[in-house]
Each structure stands twice: as structure tokens, then as C-alpha cells.
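The values are calculated or read from the model by the stated rules, or taken from the named source; none is laboratory data. Fair warning: this is a prediction, and the values are worked out from it, not measured in the lab. Please note: Cβ atoms are built from the backbone with ideal geometry, for glycine as well, and neighbour counts cover all protein chains shown. The protein model used for the area step is the full one, side chains on, heavy atoms only, and it has no ligands, DNA or RNA in it. Shrake-Rupley method; radii C 1.70, N 1.55, O 1.52, S 1.80 Å.
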Amino acid sequence: MNKNNKSFNNEESVSPELTGSVMFDSTDWIKLKTLQLFSIIDSFKISLFLDEQVTLVIDRQISGPFSLIFTLQQLNERGIHNLTYFEDLKVTDKTKSIIFLCRPRLELIQKISQFIQQQKQNSLKYHLIAIPNLDASSNYLLESEGLLDYLKIESYDFGFIPYDNDLFSMEIGDFYSRCFVENDNYQLNSIGKSFIKLQQLYGPFKTIVGKGSKSLIISEHIQQLQTLIPPIEQSKLKTLILIDRTVDLIPLLCTQQTYQGLIDEEIKISNSQSIIIEKDIEIREQVLVSPPTQEPKKFEERVVRIEKEKKKLPLSPFSDLFYQQVKDLSFSSVPTMLYLNAQSISNGMNELKKSNSQLLSLPEIKKLLSKIPDVNKKQQLLELHTEIVQELLKRVNSDDFHQKISIEFEMLFQMSNNFIGSNGNTASSVLDFIENLIIRKKPMYQVLRLLSICCLTVGIKDQKQYENILKSFIHVYGIQEMTTLMRLEKAGLLGNNNNNNNLKFKLSSQLFKNFNLIIDNNENSSSSGKENDNDKLKEYDQVYQGYIPLITRIIEEGQKNKQQGWFNKSLESKLNCIDQPFFIKELQTTSNYDINSFTMVMFVGGVSFAEISSLRTLKKKYGRGSGYDFIFGTTSLINGDNFLKNL
Amino acid sequence: MIAAQWKIIGNSTYIKKEIYSMSWDVDLKQQVSVGSPFAGPIAVMRDSSKFVEMNSQNMKPYLKIFTASGDLISQMIWDSSKNIVAMDWIEKERLVIVLQNATVLIFNVFCEQMTQFSLGDIVREEEILECKIWSDGIVVLTSASQLYSVPSINDFFVESGRVIRLPPLPEEPKARPEWAILEPQFSLSQSIEIFMSINGTLYLIDEDKVESQLEATEPIQKMVVSPCGKKLACFDTKGTLLILKTDGSTTNPDRMDTKATKSPVLKWCGSDGVMMYWDSIKDPILFYFSKGDSWAKFTLDQPVSLVTEIDGLRIISDTTSEFFHKVSDVTIDIFKIGTTSPASILYDATDHFISKSPQADESIRSINDQLEDAVNDCILAAGFEFNGGEQSKLLKAASFGKCFLENYNPSQFVTMCRSLRVLNAVRHHEIGIPLSIKQYYHIGIEELIDRLISRRKHLLAWRICDYLKIKSDVVLNHWACTKVRTDIPDQELGKIIIKKLESVPGISFANIASAAYLAGRSKLATKLLEYEPKAAEQVPPLIKMGESGLALNKAIESGDTDLVYLVLLAMQRSLPLADFLELTFSKVVALDLLISMCKQKNDFPLLREIYHIKDQSKEMGNIYLQEALSSHPSQLDQRIKAYNKSIEHYHHSKDKDDQATSKFIDDQIKLEMLQKELETNLQDESFVGISINDTIYKLITMNQPKKAQSIRSEFKVPDKRFWWIKIKALSIMNDWEELMKFSKEKKSPIGYEPFVEVCLDQKNQIEALKYIPKITDILPKIQFYIQIGYFREAADIAFKEKNFDLLNLISRKCTNNEILNIIEQMKSQIRR
């Protein structure tokens, strides 16, 4: 009996975060979104009794978020039996109704128009569900082509889509380029409305604080509509922190080093649900070997060729407890956690064996047998993560990876030591490294990320060297990538100090000093050379080795003093280094707030997994109820590569 | 006195009271008239089935619409060539006329056609035998014995109407079948259902199936469903009236044997009983039947038209409009001869009080315990009265009574006073809407307001809204939309409308402006739009009116970029390009969004025009470059032309970066021309679309080193990059001899690590071993030895360098015990 208790205690100690923690419940939110869409589909009066085939044509960009909320079975129950994309538009003989589900992008509106024109002789019924709503220009285009008579149009707002217990994303892929680069504030309205709906379900915010011009606009939207929120006695939402992406782009461009972030970097997480791994499969065949001598011929099995097989692995933060434990940890500690968990399972199996051999009574045997499925499930999860870890180790152990990390840190380190001479030397050595990557034709966006970090941090002093870099870049990757360079330049990520571009996000050295973004040099150098308990403990807190993102520091300091934190003049003066509006708004509310009220952090323009992990560490550091119980919202989940691609 | 008009029929008391003395000039002998329920209007038209003498007065047939009080609302000349199959009212006071050619026309009370649609070619070909109209639909029986249904006429107003075919009849009818409609709101299937008598069997037909409800019945000549949807009245060939249940559960129907040889008109009186009307020139008869054996007979001196209401029956003749209905219990209690109910005592007591008789006090005391009930009954009874005087008396009695009650809640009294005031107003002869209290509660005040609006009785509608403290936006909006169609001058009319509507906060002006525009009053429309509070409602009408500049200003002020896009699209479509750009350039916000939109749509010509006007050389160069890149690589002339344009504009720019960019493009032109030449010289190979590096790489793999060298020189490829390309290419070709030769050509500018790397990429350790000794740095040298498993060699190097840490590194990787021992010895020697 004591052994069983011991085993239980061991299991508990392995996952301390889950003990007594309060999770934000997003189930109600999913139900609300599900009901909203189904009421729209029901309003189309699709007859379930007639033999009408209904086809749902879905925008590929939203098919992922869509699958997170709806299942095929639910669609079948409402008469939708066919699901296809806009690229595969076609009509079967049985099709009677077509529902288009998309964001009203111009190219999709044009496809809808062309399709309806082609199919005019068929008496089909057309419906359009526009996400979040049909904008006036799309409506105008449809009206101009005389198609409004054929289409029944409804609006549906995904709003926030839960990707994890504490993570919501709106998955607006082109948000940054449209809102920040093109200065088109169209989507800010939708964000404001989503916050209103969130509050209608979970209760009103008490305070809104933020940094950035777009965040300010969103907060104004929220204030205008706050009267729509009914009185709720106990609110689960207390503080809303809105931060523009432009406050700090660097964490996005740096390589993510948490387990989850690294998976997203190297393998790519699809809608928080699955990943695809390519494995080399050896094809073996019997071949006839003809030896040079007169010996009799014999058959020998040989490897004829190697084919690549794509393997899809499930990866769910909601149901995978091991993943919950380790996703925010620095990858270097994950193999250890894997080993400890495997040992725990092994002990569990041994307990079962010992118990069986002791000829226990029937109730005790039943109790033990009931543990077997749990143990098997854990074992399967560990096998899954073992496979993932092995795949990541291949890439992480390469020299290129280490050098990349080293270069990134060196650029950041120089920002906290503002030596003019060193800056020049660092820039030169960084550019040499980048040129070397270009020469070896490494992945293009890897090069661009490093170049962007260089421009945003130490800057480029040598114009000629920079031009040589660009020349090599075009020689290797082709002239068509000139447009890529132009987009990045327009977005303010590339270019010289002389550039008059209004999107100027270069961080100042003062910021690095004000917020201690770089861990002390001595500690860092010692940790790189030795391994001891202190260093391992620090690794838990540093999702980027030696570097803490600015946004994490801002929020840490802002939430530190409940009464004075955000109103602290010291914090405000530090933030003045960033030339963007900073605001604090107290909302009128009659709700009660307590230890279970959450703080929501909204990243306007996108966020990476590692940045979220960096903020989650604050909760571990300060404990529950200190203002660090976060739920996160973002316009989209991104990493450095797809951030640059979507510009 | 009131009781004298009552008629006892069975266990119930009925009254047939005159509501209006009709002022119309209708002769129901020669006219067909249909009345709308809920005190609705009456449509009258000449009955083409009756033979009449031709004279000057009835030479032209008219469709006339009257109020329920007989006041003419409107009329129109009807084209005699259009044969009418059916005419009836649907909800919201709309008149539906179905023609023989399967066309359906819908009119408002002003004889203005609202819309029309067809029942389909099939219906027309099969010919309509009979057609029935219900509150929102139509059912047609064709000569082919096929039923068709319009499930919703309202849907045709929103372009989604349809005609559906009902299941075929189960047997071929020997005679014309009689049928009745059960509306969807009452049916089990929530869709239209038809009761039909065919050859002695009663069937129930819905959209999917046919079921038999009763068999072996006498053939039914007339059939009608009650307003509550639960009862079906049938008149068979033997002259018997039966009352069935619509849910099919009839076991013992009420029946009455009239012994009549001719079938009557059947109309329900509420849901209580059925009125039968035999239209005889000599002796017209009304015969009323209720449940049990209760019946009554009325003799008439002129033809009548009957309109079923939810609580009674309107009887319309040439001279009067009467309402026949069951008397309410509370009314009976108060006014029955000899009654001693508390309410009647209260009623009498009030009379005594007014005449200052001391008996009033005695009467009140006698009903002290039941005074509250008495008060409430008087209030209810007042509601059932049409006569203002009697209403007043009853309300005074209630008011008198409640003075003696403590804690009496007066809301019921207040509500009734208000309701009666509204009802009395609309019952006035000039308005002609004789709603009963039950009908009023059934449709609600909103629908009554809508009906007044649609009749253009805006003043009364507004006063009612004001009196009841409800929103009058709809009234004022409709009033203004009607007003703009009058002849009042723009300036004066604008003042009138704005003054009237300005006092209502948040009211929308957009609809009124649109109506003004459609009426040809552009200036008035523009002025009215100034007062529209919502930009999203303001901008589309301005666009339609051609006020582009104003629309753009409003869109920008609203901060909604979507609105700006809308205006830009409309302007681009409707304005000449020069005007469009001039207007857009005057607004920085609009210009930025226009550029963004052009980029989304890849509208290069417009972008060039914009940048040309702005004199932005850099952006112009960018556009031409993108245009070049978006054309197919095989269209070399087109690409080069665009490239040259791009270079030209980059040269004009003052930015040094742009000069560098133009150099890159110049190189690209040379590259593409060389690539084309290479394709000509080297058959079956494709170079178009690849980069300089890839071109060199490809040439080396094709064993064309001289051509590769030529490209290298042309584009000044630095040594480092060229060496990497060549090493990579030679290794892919497995040309190890050439690789070795190349490595000896001169000292490698990139070191020898790349040589080892590419050999290992091709899994050729033998070749890799040739280059590892040449590596000068110790660490990568040892790492490569470890990578290929040569731990002994790695250890030797580390030992020679006397590097303890490196020996540790090697020992951690090594799995060979023998070598591990050697390493341990080496470490011991170093330590010593």
C-alpha cells in the first residue's frame, strides 16, 4: 500500500503545475460559436427530408480554425454532406445547394462570381457565409455583376478560436500587412466586437492597458460598445493588456527554443492539432547477385532505394498531459523529462507485476486492472514525443543551428553594451555569417530573419557590405525575390538608418538597459561552460537563452504592483523610449473580481509560441492570484518564417 | 336595453349589431366583394359571371377598394381581357389577384401593383380549375387534377419565392372535388395541408403524401376551416352540415340536416359556429349553426358579403356593415335582464351616484366583498363595446368602484382606457378600421400602426405613437418618403422634413434621401443625407446619387476603411480616370487605400498612373519590376522592356539603394539573354527562370566548365561563392577525380570543410577521408573524424595537441572499448 502511495506521489511531483491550477474554460465559447453558425445554416431552410445535396465550399485559409470548432458529423446532421475548397469547385448531379464559407477576399469573390455565371443554367441555390462580415466593397462587386439576387448572404464571426486552455487566436493571416504596413484599420472593428462577445460570456474587464496605436483604437472600440455587456456579478476577466506587434518584433524573428516553439519552427504545427514528419523508408527487394567467379548465383536482399514517407502525428495541448508539462520548457530539458516520465511508467508496470504475483483479492485485482489503460495511454504519448524529440535532435544538434543561436544572441548582447567599436565589429561579423549562409544556399527566410534582426538591433554601418549581401542574395535566390526584399524594406525590417520609412522599429540600447533584456554576461558565460542545478533552474525561465523579450518585461513590471503597477511613472518613462501611445483605461463596471479573475494579454499583429511561454513562466515565478494568471489572445499564431511570408 | 338586441342560440348568446351605415354605391347583386379580416378593407369588382344590362354607368369595369366603413380608398379600370380566377386578401392588407394565365398580381390598398409573378408554364398549360388564397400563400387545382402550392407569397417580395407541386390525387375524381386549406401555422407538418373530398372519401394532402381521413362519406360540396385551425365545416350533397376535427380524431361529428337542395356559402363565425348563406334573389337567408342542436335563422332583404373574423363574422350589405359575434360573459352578467351580478350592481350604483341618489351607497355596500371583481368585469365589458357612450358608462362604473378599494392596481384600467381610445379613433368612419378588442390584441399595436402608415394616415399613426409613448420613427420615415413625392418645392420641403425629424434622436434619413432621389429630387436628397447619423447609411445613397466627393469625405470621416474602399470602387467605375484620380489625390487616406487596393488586385496600369502623378520614381520602378516578374519567363522581349522601364525610373531616384537595384536588374537582363542563348546552343535543357548561381551549377553538372567560367566572369561572382557552387556540383556528379583536381588548383578560399561536407552528403567516406587532414582548425577536424567513426585518428590529433577536453569529447562519443582504453592512456600521459 505504501508503494502505491509512493507511486502516486512521484506522479504528482512530476507535474506540479497541474495540481490545483485553475484553467480558463473555453467550452462555453466553443458552444456559442457552434450555435451561431448552425443557426445561420438553419436559416437557409435546407430541407433535411428532400434528397438535396448540399456542398460546403470553404476558404482553405480558414479550414484549420473551422475544423477546431466543427466536426463532419455535426455538418452531416444539418444536411451538409460535401466539403470542398475553392480550388476544387465543381458540381455533382445531385448538388442542389452550395454554401460558400470564406473571408470575403477579392480573389474569392471573383471566383464565386465566375462560378455562378458558369452555372446559371442550373437551378442551384447559393449561400455565402462571410467571415466576419461581407464588406462593402465585396458587396459592391457582387451587386455590379448582378449576383446579389442569386446569393443569400449571412455574416459569421469566428472571433477568438481556442488553441489551448489559455490561448485564443483569430487566425487573421494577413492582419499585420494590412493593418500595420498598409494602414488599413478595417479589421480592428472585428477585434473590438470579439472582445465584447467574450465579455458578454465571461464578464467585463475592469482595466484596459496597452501600448501601440492599433491597440489604442481597439480599446476605443471596446469602450464604445461596453454598454452592451449585461451586469454580471462575478467576472472572470479583470485586466486586458493590448500590445501592438510593432512594439517589439525581435522575439518573432529569433529562433524559438521552447519545445512547442521549436516544433513549430522546424516541423510546423498545423492549427495546434497535428504535425507532419518526413521519414526515410528503405525499400528492400530481392535482387539477383552475379558474382565474378563461377560460383552458383544466389539471391540477396539489398536496399534498392529510399523513399520519403509523410507521417501525421497528433499533437493536442488539450488532452496530452506530458505535452502540457513540457511545451513551455527549453528544449534542452525535454529529453530529461522524457526519461523521468518513462521511468515513472516503468515503475507503474513493475508495481502491477509485483501485485499480480502476490495473489491479491478480487477487488484489488480489479483495481489494478483498471490502471492498465492509463499506463498504456501514457506509454503511447511518450512514444509519440520520443519520436518528435528524435526528429528535433537531428536539427538542433547541427552546427548551423548552434551558430544561428549564437549569432542571434551576439546581436542582442551588443544592444545592452553600447560600444561603438563593438557594434561595428559585431555587424561586420554578423554580415559575414549571413553571407556564408547565402553562399551555401540555406533556406531563404532563415537568412532574411537574421538580416532583419541585424537591421533592427546593431544596424548596418557599411553600405557597401550590405549591397554585397543583397547582390549575393539575388544571385543565389533569383531576381524574383527582389519583391520579397522590397516588402521587407517597406515593412521596416530591412534597410539603412538613412531610410525615411515611417515604419521604423529599431530598438534603442536604452530599452535593453531599462528592462534588463539580456541576462548578465557572467552568468551566461558560466552557464555555457558548466552544468549545475542553478543553471538548469534558470533554463526553465529562459525560453530564449540569455534573452527575455521586451513585452514579457513590460507586463511583468506592469502587473507587479496591483495598485500602482501600470500607473507607475517609472514604467511610463521607460516605455517612452518606444514612440507609440501608452494608455490606461478604467472601465465602469459593477462586477466583482477575485483571485480567479484572469488577465488577458492580446497581441495585435501576431505572436509566437515561445513568446507565450515566456509569459507563462511569470505565473510560475510569482504564483497564482498575483496578476500573472494569463489567458492569451492574438490575431494569429505565427513564427518568423510565416510572419515574413505574409508581409 | 342592450339585451334587447341579443339572440339566444342554444346555450350561447349572440348579437348582430350595426357598425357602419355604408356610404358606398355598391350593388352586391352585380358585384363580387372580398373583405380582409381584422377589420380590413373591402375589394369590389363586377361579377363577370352574372348577366347584367348594359348601360352607360357600368360600361367600364372597375376594381374599387373601400374601407370597412364603405369609404372609397382607390379605384382602377380593370382590363376585361384579364380573366380573374381568384381574388382575396393576404396579410398586411395586400390584395392578390390570380389570372387564368397563371399570373399572380399583388396590389396595395391604393390599387398600386406591388409585384407580380407566374405560377409557371405547367400550371398555365394545365389550366387553372380553381384557386384558393390564404394569408400568405396560394393553392391551385388544375384541370389535370393536380395541385400546386405557393408556400409563401412574401418570399416573392425578397426574390426567393417558389411554386411546388403537391403529390398526385389518389383517385381520379368523377366530379369536381371540393377542398379546403389548413394553414401551416396550424398543421402538424408546419407546411400547407389540403383537405379534399374525392368520390366520397375525405383525404388529407400535404407536401409529401396523401392520407385518407374519412371514407364512405356523402360527396362534400362545401368545405371551410375555422380560424383556430382545429375544425372543418363540411356541407354534403344531402344538405347536411358536419363539423369535423382537423387532426383526424373526429368520432361523432356535430351535424345538422338543412334539407337544402342547393349548397350555401360557408363562413365561420370566429371558431364558434358556421354561417350558411343562400344567395337567392327572392329570399336570401342566413342560417347559423353552432354545436349541439343550436341554430338560428335570419332573413335578409338584400344580398350580403361575409367576412370571417377570429371572434365573429362581418356581414356586409349594400347599406350596412354588421358584426355578428358571441356576447362575452362579462357583458351578459352586466346587462342580462334580471341579473344580480356584482358588476351589474356596480353599474347601477354608478347611475345612482350620478343622479345623487343615496341608493348608490347601499348598492356598493351590498357587493363589498366582490367589488374588485366587479370593477374588473366592468373594465372588460367596456372593451367589448363598440358604442362610445356605453364604454364611457362602464369605465365610469369601474372608476367609481375602484375608489372604494385600497391597493387596487390601476394598470388594467389605464391599459383599457388607452386601448379604447385608439380603437375608437380607428373605428371612426373616416378611418374605417372597426377592430374588436380581441382582434386588436391579436395583431398588436405595431401592425395597426403599419396599416395606418400603408394607408397614408400618418397623422393619426403619429398621434397614436405619441399617445402610447412608442417609437414613431417608422411613421415619420414613411411620411417623409411619401412627402418627397409631392409637388412642394425642394427648399421648402427640406425644411419641413428636417424640422419634423430633427427632434427624433437617431432617426435614419437614408431611406428618405433615397426616396427623394428616386423621385428626381437630387438636391433635396443630398441635403437630407447630411442629417443621417450613420456614415454606413450615408455613403451608399451618396454614391448612387453621383455625389462622389461628398461620399468620399463622409467615408473618410467615419474611420471605416471598408466604406472608403466602397467609394473608391464606385468612383473608379463611374468617373473618368482623370476626375477619379484628381478627387482621390486630394485625400491622403483615400490615396493610400487606393494604392493598397490596386496592389491586392494587381492593377498595375492604375498604380503606374498614380505613381506617375506623384512623381515617385522608386515606386514606379517597383511597379515595372513586379510587372516584369509576373510575366512568363519565356516572354523575354516583354520582360526586358519592363526591366528597362524599371531601370529608367530607378535612375531618376535619389536613393542610393535604388541605384543598386537598377544594377541588379541590369544584371538580370544580361542573365536572361545569356540563358536564352544557352538554351539555343544546348539542346533539351532549360535555363529560363533560374538564378545566376543555379545557372552556373547547372552548367557544371552538364560538364560545361568553360561556359560556367564565362558566367562567373560576366557577373563577377566572388571566389567563395563560385567554389561552393563547383564543389557542390562535382560531388553531385560523383566526379571525385575532378573534385580532387579542383582542390589542388589553389588554396581553397573557403577552407576544406566544404569538401568534407559535400562528400559526406553523398555518403562517400573514402573521399571525405582525403580532405579531412587538410583542415587546419582542430575542432572541426576532430568532429569530422568522430562523425565518420574514426575515433582513433581523432584521439591522435587531440593527443598531439595535448588537449584534455577534446579527449573527453571523443571518449564520450566512442563506443569501442579498445580505443577507449587507448584514450584513457593518452589522458593519463597528458595529466602526468
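Just to be sure, is B:Q600 within 13 Å of chain A (Cβ to nearest Cβ) and open to solvent by 70 Å² or more (accessible area, probe 1.4 Å)?
Details: within 13 Å of chain A (Cβ to nearest Cβ): yes; open to solvent by 70 Å² or more (accessible area, probe 1.4 Å): yes.
For B:Q600, the condition - within 13 Å of chain A (Cβ to nearest Cβ) and open to solvent by 70 Å² or more (accessible area, probe 1.4 Å) - is met.
Among B:S197, B:S160, B:S189, which is the only one that is under 25 Å from B:R124 (Cβ atoms), among the polar types (S, T, N, Q) and either in contact (Cβ under 8 Å) with a residue 24 or more places away in the chain or open to solvent by 30 Å² or more (accessible area, probe 1.4 Å) (or both)?
Unique residue meeting the criteria: B:S160.
Does A:L148 meet the test of being open to solvent by 40 Å² or more (accessible area, probe 1.4 Å), within 13 Å of chain B (Cβ to nearest Cβ) and farther than 30 Å from A:L488 by Cα?
So A:L148 passes the test.
Residue-wise test of (1) assigned to a helix (DSSP H, G or I); (2) aliphatic (A, V, I, L, M); (3) more than 10 Å from chain A (Cβ to nearest Cβ).
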position: B:G546; (1), (2), (3): no, no, yes
position: B:L550; (1), (2), (3): yes, yes, yes
position: B:D562; (1), (2), (3): yes, no, no
position: B:D579; (1), (2), (3): yes, no, yes
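Suppose we keep only residues that are assigned to a helix (DSSP H, G or I) and open to solvent by 20 Å² or more (accessible area, probe 1.4 Å) within segment B:518-533. Which one would you say is farthest from the other protein chains (Cβ to nearest Cβ)? Write out each step before concluding.
Of all residues in segment B:518-533, those assigned to a helix (DSSP H, G or I) come to B:518, B:522-529.
Pick out the ones that are also open to solvent by 20 Å² or more (accessible area, probe 1.4 Å) and you get B:518, B:522-523, B:526-527.
Values: B:L518: 17, B:S522: 21, B:K523: 25, B:T526: 20, B:K527: 23 Å.
Among those residues, the one meeting the criterion is B:K523.
Condition test on B:S145, is it over 24 Å from B:G229 (Cα atoms) and exposed (fewer than 14 other Cβ atoms within 10 Å of the Cβ)?
Answer is no for this residue.
Scan segment B:694-718 for residues that are under 60 Å from the mean Cα position of the chain (by Cα) and open to solvent by 10 Å² or more (accessible area, probe 1.4 Å) and jot them down. Full working, then the answer.
Kept after step one, since they are under 60 Å from the mean Cα position of the chain (by Cα), are these residues of segment B:694-718: B:694-695.
Result: B:D694, single match.
Report yes if some residue within segment B:555-566 is on the phi < 0 side of the Ramachandran plot and over 27 Å from the mean Cα position of the chain (by Cα); otherwise report no.
yes
Just to check your reading of the model, which residue among A:E182, A:E171 is within 14 Å of chain B (Cβ to nearest Cβ) and open to solvent by 10 Å² or more (accessible area, probe 1.4 Å)?
Checking each option against the conditions leaves just A:E182.
Please specify each residue of segment A:155-168 satisfying the condition of being modelled with pLDDT of 80 or more and either closer than 19 Å to A:I99 by Cβ or at the interface with chain B (Cβ under 9 Å from one of its Cβ atoms) (or both).
A:S155, A:Y156
Hey, among B:A515, B:A536, which residue is surrounded by fewer than 23 Cβ atoms within 10 Å (Cβ to Cβ) and within 12 Å of another protein chain (Cβ to nearest Cβ)?
The unique qualifying residue is B:A536.
Of all helices (runs of 4 or more DSSP H) completely enclosed by segment B:643-716, which ones contain at least 1 residues that are under 21 Å from A:L494 (Cβ atoms) and without any contact (Cβ under 8 Å) to a residue 12 or more places away in the chain?
Values: elements: B:656-681, B:692-701, B:705-714.
Passing ranges, in order: B:656-681.
Which residue pairs have Cβ atoms under 6 Å apart, sit 6 or more places apart or on different chains, and have a first residue in segment A:52-74 that is not assigned by the TED database to the domain that holds A:E87 and a second that is part of a strand (DSSP E or B) and surrounded by 19 or more Cβ atoms within 10 Å (Cβ to Cβ)?
Close Cβ pairs satisfying both conditions: none exist.
Which pairs do you get when a residue that is at pLDDT 80 or above, found in segment A:438-465, comes within reach of a residue that is acidic (D, E), reach meaning Cβ atoms under 6 angstrom, with the pair 6+ apart or on two chains?
A:Y445/A:D641
Being polar (S, T, N, Q), away from chain A (no Cβ under 14 Å) and within 23 Å of A:Q480 (Cβ to Cβ) is the filter here; which residues of segment B:681-721 pass it?
Listed by number, the residues that qualify are B:S686, B:T701.
Scan segment B:222-250 for residues that are over 45 Å from the mean Cα position of the chain (by Cα) and open to solvent by 30 Å² or more (accessible area, probe 1.4 Å) and jot them down.
B:T237, B:K238, listed by residue number.
Of everything in segment A:439-473, what is facing chain B (nearest Cβ under 8 Å) and either touching a Cys at 6+ places or on another chain (Cβ under 9 Å) or open to solvent by 10 Å² or more (accessible area, probe 1.4 Å) (or both)? Give them in sequence order.
Within segment A:439-473, A:I439, A:R440, A:K441, A:Q463, A:E467, A:L470, A:K471 meet the criteria.
Report, by residue number, each residue of segment A:81-117 that is assigned to a strand (DSSP E or B) and either over 31 Å from the mean Cα position of the chain (by Cα) or at pLDDT below 80 (or both).
First, the residues of segment A:81-117 that are assigned to a strand (DSSP E or B): A:81-85, A:95-102.
Listed by number, the residues that qualify are A:H81, A:N82, A:L83, A:T95, A:K96, A:S97, A:I98.
All but one of (1) more than 9 Å from chain A (Cβ to nearest Cβ); (2) under 26 Å from B:A513 (Cβ atoms); (3) not in a loop (DSSP other than H, G, I, E, B); (4) not small (G, A, S) hold for B:L593; state the number of the condition that does not hold.
All conditions pass for B:L593, except number (1).
Take the conditions open to solvent by 70 Å² or more (accessible area, probe 1.4 Å), small (G, A, S), assigned to a loop (DSSP other than H, G, I, E, B) and at pLDDT below 85 and apply them to B:A216. Does it pass?
Numbers: open to solvent by 70 Å² or more (accessible area, probe 1.4 Å): yes; small (G, A, S): yes; assigned to a loop (DSSP other than H, G, I, E, B): yes; at pLDDT below 85: yes.
The answer is yes for B:A216.
Could you pull out the residue among B:Y650, B:Y643 that is within 18 Å of A:E467 (Cα to Cα) and within 14 Å of another protein chain (Cβ to nearest Cβ)?
B:Y650
Here's the yes/no breakdown for (1) within 20 Å of A:I584 (Cβ to Cβ); (2) among the acidic types (D, E); (3) buried (at least 24 other Cβ atoms within 10 Å of the Cβ):
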| residue | (1), (2), (3) |
| --- | --- |
| A:L216 | yes, no, no |
| A:Q224 | yes, no, no |
| A:P231 | no, no, no |
| A:S235 | yes, no, no |
| A:C254 | no, no, yes |
| A:T258 | no, no, yes |
